[in-house]
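Derivation of every value follows stated rules applied to the coordinates shown; laboratory data play no part. Since this is a predicted model, take the numbers as computed values, not measurements. Because the Cβ atoms are built from the backbone with ideal geometry, glycine has one as well, and the counts that use them run over all protein chains shown.
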Amino acid sequence: MSATRRAWLSRAWPHALLLPAALLVVMPFLWMLGTAFKPPAEIFEVSLWPLPRSWFGFTHFQEVLRSAPMGRFMFNGLLVCSGILAVQLLVAVPAAYALAKLRFKGRQWLFMGILGALAIPIQVIALPVYIGLATVGALDTYSAQMLPFFLSMFAIFLLRQVFKSFPDEIIDAARLDGMTEIEIVWRVVAPSARPAIAAFAVFSLVAHWNDLYWPMVVISSTQLAPPPLGMLLFAAAESGANYGALMAGAALITAPMVIAFLVARRRFIQGITMTGFR
């Protein structure tokens with residue numbers, strides 16, 4: 001076997017392995033889009049073929065937009081997700097810098113506590129947080145949806161790994177120039193972590209855009225419902241068994257996250273590859 005053929009095979013076999021996995025991941029989205037464009041009679045046929053055989057047009061999408069306040073659901077999701085992300089970064093960037101570059105007693109124990117907190121899901125603390133929000137009368141508000149997620153242990157961990165590799169000489173030079181630690185964080189260190197910040201932003205936006213559990217706990221008003229909860233209310237009250245309309249609504253609320261990932265994919269990949277455990 002020639003060297004050229006061996007080199008071609010070495011490049012081809014990973015793609016041959018990854019292609020079936022990629023198709024498996026993409027299949028639910030193809031099924032969702034196919035159902036959104038299928039006529040009602042074709043949706044309930046016993047067939048595994050995901051694409052429509054006859055084009056039904058945008059009737060299901062028009063029905064969703066007419067029956068449910070999709071614009072309101074989208075606005076709520078955008079407001080909640082952007083608010084959570086902004087506060088997460090405001091807290092995580094200085095905290096990660098302190099853990100990576102400052103020397104203080106108990107730093108390693110604090111970092112180990114952050115690693116331990118990563119293993120605690122929101123369901124564990126849901127009841128005490130709910131009682132606290134109910135006590136102060138904050139249920140059924142935007143704040144109730146955002147407050148439990150302002151402190152992101154994952155963001156602190158991710159950015160701490162990136163800041164560990166930042167040269168200490170540049171930080172020392174900035175201190176000699178009279179810059180404060182806050183100025184060093186935001187003007188010197190944080191710009192070097194833009195790929196990691198973009199990667200975390202994608203994780204955060206997708207996670208909270210798709211979150212259904214917590215909004216179901218604290219939100220009872222349709223006007224404040226984020227997209228997943230709004231679609232659940234729409235399915236229960238309006239669409240019934242109209243799966244074409246449900247899939248059309250699911251496609252509408254999935255599209256912004258797909259677009260966000262495509263826009264930030266280069267930064268996302270850079271942020272993942274540049275981050276390691278040190």
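Here the Karplus curve 6.51 cos²θ - 1.76 cosθ + 1.60, taken at θ = phi - 60°, turns the phi angles of segment 173-182 into couplings of 5, 5, 5, 5, 7, x, 6, 7, 5, 5 Hz, with x standing for Gly and Pro. From the list (1) 60; (2) 54; (3) 43, can you say which value of percent of Cα pairs over 25 Å apart was derived from the structure given? Computed from the coordinates, percent of Cα pairs over 25 Å apart corresponds to (1). Each Lys or Arg adds one and each Asp or Glu subtracts one; over the other residues with Cβ under 15 Å from the Cβ of Glu45, this totals +1. For the peptides 184-195, 9-20, the ranking by mean Cβ contacts within 10 Å, running from highest to lowest, is 184-195, 9-20.
Here the translational diffusion coefficient of segment 116-193 follows from Stokes-Einstein with Rh set to the Kirkwood radius across Cα pairs; for 37 °C and 0.692 mPa s it amounts to 211 µm²/s. Counting only aspartates and glutamates at least 8 places from Lys38 when in the same chain, those with an alpha carbon closer than 15 Å to its own are Glu63. Annotation: the residues Leu79, Leu158, Leu127, sorted from fewest to most other C-beta atoms within 10 Å of their own C-beta, follow the order Leu127, Leu79, Leu158. Exposure proxy for Phe73, Phe58: other Cβ atoms within 10 Å of each Cβ, ordered fewest to most, give Phe58, Phe73. Residue order for Tyr142, Tyr213, Tyr97, fewest other beta carbons within 10 angstrom first, comes to Tyr213, Tyr142, Tyr97.
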